[in-house]
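The values are calculated or read from the model by the stated rules, or taken from the named source; none is laboratory data. Note that the structure is a prediction, hence the values are computed from the model and not measured. All Cβ positions, glycine included, derive from the backbone under ideal geometry; neighbour counts span all protein chains shown. For accessibility, only protein heavy atoms count, side chains too; no ligands or nucleic acids. Shrake-Rupley method; radii C 1.70, N 1.55, O 1.52, S 1.80 Å.
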Amino acid sequence: MPYFDAASSVPLHPVARQALTAALDEGWADPSRLHREGRRARLLLDAARETAAEAVGCRPDELVFTPSGTAALHTGIAGVLAGRRRAGRGLAVSAVEHSAVLHAAAAHREGGGSVTEVPVDRTGRVSASAYEAALRDGAANGGTALACLQSANHETGTVQPVAEVAGVCAEAGVPLLVDAAQSLAWGRPEEGWSVLAGSAHKWGGPPGVGLLAVRKGVRFAAPPPSDERERGRSPGFENIPAAVAAAASLRAVRAEADAVAARLRPLIERVRAGVQRSVPDVEVVGDPVHRLPHVVTFSCLYVDGEALLHVLDRAGFSVSSGSSCTSSTLTPSHVLRAMGVLSEGNIRLSLPPAPGESVEADVERFLQVLPDAVREVREQVNAPGVTAERGTAGQDGRPREEGTEDRTARDGEQPAPVREESGRELTVNALGTLCPMPVIELARHLDDVPVGGVIVVLADDEAARVDIPAWCEMRGQEYLGVQGDRFRVRRLS
């Protein structure tokens, strides 16, 4: 079964497996003890630290191993905020950071600190000027202690301008924490960072081990309680076998990175082009140039994301999604929301780095399967134009015209009630329906108002706040805004 979710986690690298097995036999003792077994364990831990530090681009005494990448982020953020509390209580983060960073930011806000979210453009990329403005505002409001920026986004693969933002932070005297979990397998982060975090299972190391690097000179106070291990920054007995395997696999994947990128990037280009060519009403999201070589993300209009995942899973493909209808919270991905792009029917495909003769064939089969999978899901919700894609007849047996659709609701449901308020304004009631139904109802009834007229969609699904504006952008209509649960759209064509 093709595994296309490498951005979430990848299988254990063969080098990691070998290192882990060897270290289980040699590195079980307490590395703080002076006996022979302890010294042997200390040698293994120190060697792993040196290897990881070389890959990261820092001094060995600046790097510690943590129980996870999330723990590294939480410790890094809390430590700098505590160490620089005299500089201010402000924290600046991009709007597309990993949830671990946003959770730490929420905890900081609840503790009385301030948090500034730096916006991104439609490709998900920040600008140095936006960080400069955030730091300037922070200085005017008591000072900013820390700025955070991921090196590459976990949902879209967009690579961020770390060096440019680091330069802005340096001028303001604010350290920059970089979440490098997604990019460490492909190379060192750009220069200028002050604190860095990574997660081994993202590059083929064992789960349950992370990296935290803090540059010399950065004021840092590890959150209590702490102990004498890992410079007081990661309490508890060191997992030496996991650390050894993490460092060994990072060195191994870094040595392979250029060749792997050269092999995967053309396949991702093929997916980007193939999806847009074969699937109607699709939006490929993320930066088309500044991106990781193995990730592509796209959203399909009028599609229930969870249903699409199930169809693709039945076809043998393991992919992931940022659609609200695939999550327990029923809220759209904060990354897609910040970008202002379509969230419904969202699919992230991330190719595994391990070589395999079948990867190219698997990608080709995915491109063959996807159009029918999307069509099947659209049929389930009676999406606009879906029968026109098939070229089938309507329920009355007559051929359809291009762009028309059958408005009979699926499964015997009644279509959303419509109330005409005037000749130029129409209200569509989609209250109580979930993604993608509010957008489907908007599309179904757009032609019921004249050009220049306004259609008001009543919707209480959180995803509508993302998908209705995104639909307008895709369809060339004017989004007039939302008040409460009333979304207003002006028909332009």
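Tabulated results
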quantity: Hits in the range 138-157 (condition: under 25 Å from HIS74 (Cβ atoms) and open to solvent by 20 Å² or more (accessible area, probe 1.4 Å)); calculated: ASN141, GLY142, HIS154, GLU155
quantity: Only one of GLN160, GLN150 that is touching a helix residue (DSSP H, G or I) at 6+ places or on another chain (Cβ under 9 Å) and either modelled with pLDDT of 95 or more or β-branched (Val, Ile, Thr) (or both); calculated: GLN150
quantity: Test for PRO161: is it open to solvent by 30 Å² or more (accessible area, probe 1.4 Å), under 18 Å from the mean Cα position of the chain (by Cα) and either closer than 17 Å to LEU177 by Cβ or touching a residue at least 12 places away in the same chain (Cβ under 8 Å) (or both); calculated: no
quantity: Answer from GLN368, GLN395 - the residue that is surrounded by fewer than 23 Cβ atoms within 10 Å (Cβ to Cβ), of a type outside the set (A, V, I, L, M, F, W, C) and at pLDDT 95 or above; calculated: GLN368
quantity: Matching helices (runs of 4 or more DSSP H) fully within the range 230-349 where at least 3 residues are touching a strand residue (DSSP E or B) at 6+ places or on another chain (Cβ under 7 Å); calculated: 240-278
quantity: Flag for VAL482 being outside any loop (DSSP other than H, G, I, E, B), surrounded by fewer than 24 Cβ atoms within 10 Å (Cβ to Cβ), among the hydrophobic types (A, V, I, L, M, F, W, C) and within 29 Å of the chain's Cα centre (by Cα); calculated: yes
quantity: Search result, residues across the range 218-238 that are at positive phi and at pLDDT 95 or above; calculated: none
quantity: Residue match in the range 255-268 (condition: in contact with a Lys or Arg (Cβ under 8 Å, 6 or more places away or on another chain) and free of Cβ contacts under 8 Å to residues at least 60 places away in the same chain); calculated: no
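Matching residues to (1) part of a loop (DSSP other than H, G, I, E, B); (2) modelled with pLDDT of 95 or more; (3) over 30 Å from LEU20 (Cα atoms); (4) not acidic (Asp, Glu):
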site: GLY124; (1), (2), (3), (4): yes, yes, yes, yes
site: LEU135; (1), (2), (3), (4): no, yes, yes, yes
site: VAL178; (1), (2), (3), (4): no, yes, no, yes
site: PRO207; (1), (2), (3), (4): yes, yes, no, yes
site: ALA213; (1), (2), (3), (4): no, yes, no, yes
